[in-house]
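Heads up: the structure comes next, in structure tokens.
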Amino acid sequence: MIRAAGEHGLLVETGSLEVSHRLDALLRAERPGSVVEIVPGPETVLVVAPGADQLRLRERLTDLARAAAEPPSGDRTAGTPAVVVPVVYDGADLADVAGETGLTPEEVVARHSGRELVVGWLGFSPGFAYLTGLDPVLHVSRLATPRTSVPVGSVAIAGPHSAVYPSASPGGWRLLGRTDLRVWDVRADPPSLFRPGTRVRFEPA
Amino acid sequence: MIEVIKPGPYATVQDLGRPGYAHLGVPYSGAADTTALRLANRLVGNPEGHAGIELTFGGASLAFPAGAWVAVTGAPCPLISAGAGMTVPVRAGMGAPFWVPAGGELRFGTPARGLRTYVAVRGGIAVEPVLGSRSTDSLSGLGPAVLRPGTVLPVGPVDGLAEISVDVAPLREPGPAVLRVVPGPRDDWFVPGALKELCGRPYEVTQDSNRVGVRLSGPVLERARQGELPSEGMVAGAVQVPPSGQPIIFLADHPPTGGYPVIAVLSAADLSTAAQLRPGDTTRFTLRKTPT
């Protein structure tokens, strides 16, 4: 289903993050006329196209959404390698997370770094990527009272997600460690190391 | 260059924003009232997307060590051009290009109506762009710092610009605003009468409104569905409804994604009107009649 988001926006319902990512990739490859923003979310892709012929764009999006809904042929992990994030696991909440999950801190580290995660979408602040695919054992709640400032490079978890703080900001996620890897740099092109669909692996430094 | 003697309550550099980065979590930003900024730029022969100064509630004083052509649009302020050997300060007009001589000073009073006043200078404000834009993004902190007393703003080159060819442009009157909306994308998250409720009695603009959004107080918009909406892309002009049921109209610095349902979106032409609403103003919504 495609919903109008005002006169210039169309919100395509994909129903899943994987379909959102495939539709995002198809749209970026094709760039239908006047498209300014393509914003994938967990179950949607927002397309903003001021001045576009909305009927034609809607038709094209219907076709592309149908193509994106088909399971991909071949190995979708082929091609670009995963981004490896070296982590010093000395976060302020590591012990608490271990206590809450019934694991040792070493086991928390092993489970956090043991799987490949995928960037679901970005939001909250520029370059802040919600990483999906976290080991379900590590799904913990946010802090009841968020910290007023979390340092840049903090590696954290909350709910089903992990993240690397791209800049210092307030935040309520549980801090497991920190990385020197710069995930956000306005002088770089693209400015973000993470994009929707980027595969990520944490590695104890 | 221009030196800020005082910025008034809140002033920033703004152009037409930072498109193309929403999927990386970067707000669009740019002038809240793009209609006014575009007009100010045209009046001094700039391309419409040059950076200008966005004043909030007027109140600024700007010094011009070098002379410059200037145009002021948006919320109408009393405007005085002083100094530079002028025996008497001159009352300058809105919506018309005028010359500020070297050593001159522009003083802005408080607008009687409207909220944001735009100052364009021939050549444009030439601060360093960030991700392709000179706009200050109040949500993420990208772009130049908020203006302070003593801030020095470079002015860009004027060679090659269009001639100044307009004497005066009629100003849009910030008035009792009726904002046209297109339903959705999530109007089905609300009880059947909610759109009617939105377009019924007026809403009042509250004190905590800013460049992110116009926060409103009025009829409560009741949800039919509980639970959380998975985060999704947001557009400028979205009327987002948090659990309080009190709507927020998203302006230029809105977050690129959000998890509260959007009951309707402003007609693009009315976004500039919404950007001129000030705390205490009342506004009404109406369903846009003919689809375009």
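For the reader, a short list of remarks on this structure follows.
- Index of the failed condition, B:PRO47 passing every other in (1) under 14 Å from the mean Cα position of the chain (by Cα); (2) within 24 Å of B:ALA268 (Cα to Cα); (3) open to solvent by 20 Å² or more (accessible area, probe 1.4 Å): (1)
- Apart from one condition, A:LEU11 fits all of (1) within 11 Å of chain B (Cβ to nearest Cβ); (2) in contact (Cβ under 8 Å) with a residue 12 or more places away in the chain; (3) touching a helix residue (DSSP H, G or I) at 6+ places or on another chain (Cβ under 9 Å); the exception is (3).
- Residues within region A:17-46 that are touching a His at 6+ places or on another chain (Cβ under 8 Å) and not in a helix (DSSP H, G or I), tallied: 4
- Filtering B:VAL191, B:VAL181 for residues that are within 14 Å of another protein chain (Cβ to nearest Cβ), over 24 Å from B:THR117 (Cβ atoms), among the aliphatic types (A, V, I, L, M) and in contact with a strand residue (DSSP E or B) (Cβ under 8 Å, 6 or more places away or on another chain) leaves a single hit, B:VAL181.
- Screening region B:90-160 for strands (runs of 3 or more DSSP E) wholly inside it with 3 or more residues that are aromatic (Phe, Trp, Tyr) and over 17 Å from B:THR12 (Cβ atoms) returns no ranges.
- Counting the residues of region A:97-114 that are modelled with pLDDT of 95 or more and either part of a loop (DSSP other than H, G, I, E, B) or within 9 Å of chain B (Cβ to nearest Cβ) (or both) gives 3.
- Contact map, region A:86-101: first residue closer than 23 Å to A:GLU116 by Cβ, second residue modelled with pLDDT under 95 and open to solvent by 60 Å² or more (accessible area, probe 1.4 Å), Cβ cut-off under 6 Å, separation 6 or more or different chains; pairs are A:PRO86/A:ALA205; A:VAL87/A:ALA205; A:VAL88/A:ALA205.
- Boolean, A:PRO170 is at pLDDT below 95, more than 14 Å from A:SER192 (Cβ to Cβ), surrounded by fewer than 19 Cβ atoms within 10 Å (Cβ to Cβ) and within 14 Å of chain B (Cβ to nearest Cβ): yes
- Hits in region B:135-154 (condition: surrounded by 24 or more Cβ atoms within 10 Å (Cβ to Cβ) and either in contact with a Cys (Cβ under 8 Å, 6 or more places away or on another chain) or among the charged types (D, E, K, R) (or both)): B:ASP137
- Considering region A:188-203, and only residues there that are open to solvent by less than 80 Å² (accessible area, probe 1.4 Å) and more than 19 Å from A:GLU18 (Cα to Cα), the residue that is nearest to the other protein chains (Cβ to nearest Cβ) turns out to be A:SER192.
- Residue that is hydrophobic (A, V, I, L, M, F, W, C) and within 14 Å of chain A (Cβ to nearest Cβ), where the choices are B:LEU39, B:LEU43, B:LEU79, B:LEU16: B:LEU16
One line per residue, one yes/no per condition, for (1) free of Cβ contacts under 8 Å to residues at least 12 places away in the same chain; (2) open to solvent by 20 Å² or more (accessible area, probe 1.4 Å); (3) in the same structural domain as A:LEU117 (by TED's automatic domain parsing); (4) under 22 Å from the mean Cα position of the chain (by Cα):
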site	(1), (2), (3), (4)
A:ARG31	yes, yes, no, yes
A:ILE38	no, no, no, yes
A:GLU59	yes, yes, no, no
A:SER73	yes, yes, no, no
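- Put simply, of B:LEU179, B:LEU198, B:LEU229, B:LEU216 the only residue that is touching a Pro at 6+ places or on another chain (Cβ under 6 Å), open to solvent by less than 40 Å² (accessible area, probe 1.4 Å) and in contact (Cβ under 8 Å) with a residue 60 or more places away in the chain is B:LEU216.
- Where strands (runs of 3 or more DSSP E) fall wholly inside region B:1-59, the ranges with 2 or more residues that are of a type outside the set (S, T, N, Q) and farther than 14 Å from B:ALA252 by Cβ are B:2-6, B:52-56.
The values are calculated or read from the model by the stated rules, or taken from the named source; none is laboratory data. Given the structure is predicted, the values throughout are model-derived calculations rather than measurements. Cβ atoms come from the backbone with ideal geometry, glycine included; neighbour counts cover every protein chain shown. The accessibility values were calculated without ligands, DNA or RNA, using every heavy atom of the protein model including side chains. Shrake-Rupley method; radii C 1.70, N 1.55, O 1.52, S 1.80 Å.
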